[in-house]
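First up is the structure itself, then whatever we jot down about it.
The values are calculated or read from the model by the stated rules, or taken from the named source; none is laboratory data. Fair warning: this is a prediction, and the values are worked out from it, not measured in the lab. Virtual Cβ from ideal backbone geometry, glycine too; neighbours counted across all protein chains shown.
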Amino acid sequence: MTTNVPTREDAWNLPNAYNKSDSLIKHALAVEGVMRYFARKRGEDEDKWGVVGLVHDLDYEQYPEQHCRKTEEILVENNWPEEYVRAVVSHGYGICTDVAPNTEMEKVLYAIDELTGLVVTTALVRPSKSVMDLKAKSVKKKWKDKRFAAGVDRSIIQNGCQMLGMELSDLITDTILGMREVADAIGLKGISRE
């Protein structure tokens, strides 16, 4: 059986087929934007990284108890390349899978998945409701308050930083910059001051 190199359209159709939640679709778009940003910055394949980011949580709404494993099944059924499938499965490392992130693409996905949630929550409590004026120091201030965005597992983000050999502030900054590129699509362009 031959594998297909999935296009963005292929990737976009999957989360929309399995998810009705607007917040999950926006999360997929945020992660895609950040993955594309990191790929460009590191001289990697932006489309591959973006597509992986877009589908990483496609099973989350319908199959939360089978998270990552159901996505693996769906992607294999659709003849996705093993490299893409493994990357998606590895983002659940230590939570719902034992597949450790090994490649740069896998490590970035693992590190930024939870972080995008913290960035979104931080942006939404700001007067601007935007990532366009958000800075890493604002996110780090909220990071310390464990009640704020309590569902965000900060230890995963810290592990991701270590895997990537990055400082937390740098990871946050790059995540914000990636999310700015998709701010309109994820509803974080902000309140117009015109």
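List of remarks:
- Residue that is nearest to ARG40 (Cα to Cα) [pool: residues in segment 81-107 that are among the aliphatic types (A, V, I, L, M) and buried (at least 21 other Cβ atoms within 10 Å of the Cβ)]: MET105
- Qualifying residues in segment 13-60 (those that are of a type in the set (Lys, Arg) and not in a helix (DSSP H, G or I)) - the one nearest to ILE157 (Cα to Cα): ARG42
- Unique match (being in contact with a Lys or Arg (Cβ under 9 Å, 6 or more places away or on another chain), buried (at least 19 other Cβ atoms within 10 Å of the Cβ) and closer than 18 Å to GLU83 by Cα) among ALA39, ALA11: ALA39
- Any hit, segment 62-71, residues being buried (at least 20 other Cβ atoms within 10 Å of the Cβ), part of a helix (DSSP H, G or I) and modelled with pLDDT of 95 or more: no
- Residue under evaluation SER128, criteria (1) surrounded by fewer than 14 Cβ atoms within 10 Å (Cβ to Cβ); (2) out of contact with any helix residue (DSSP H, G or I) (no Cβ under 9 Å at 6 or more places or on another chain); (3) not acidic (Asp, Glu), criterion not met: (1)
- Filter pass, LYS144 being farther than 25 Å from VAL51 by Cα and surrounded by 14 or more Cβ atoms within 10 Å (Cβ to Cβ): no
- Some residue of segment 33-41 being within 24 Å of CYS161 (Cβ to Cβ), among the charged types (D, E, K, R) and more than 15 Å from the chain's Cα centre (by Cα): yes
- Selection within segment 68-82 - under 19 Å from ARG8 (Cβ atoms) and more than 17 Å from the chain's Cα centre (by Cα): ILE74, LEU75, ASN78, ASN79, TRP80, PRO81
- Restricting segment 160-194 to residues that are under 15 Å from the mean Cα position of the chain (by Cα) and among the polar types (S, T, N, Q), the residue that is farthest from ASN102 (Cα to Cα): THR173
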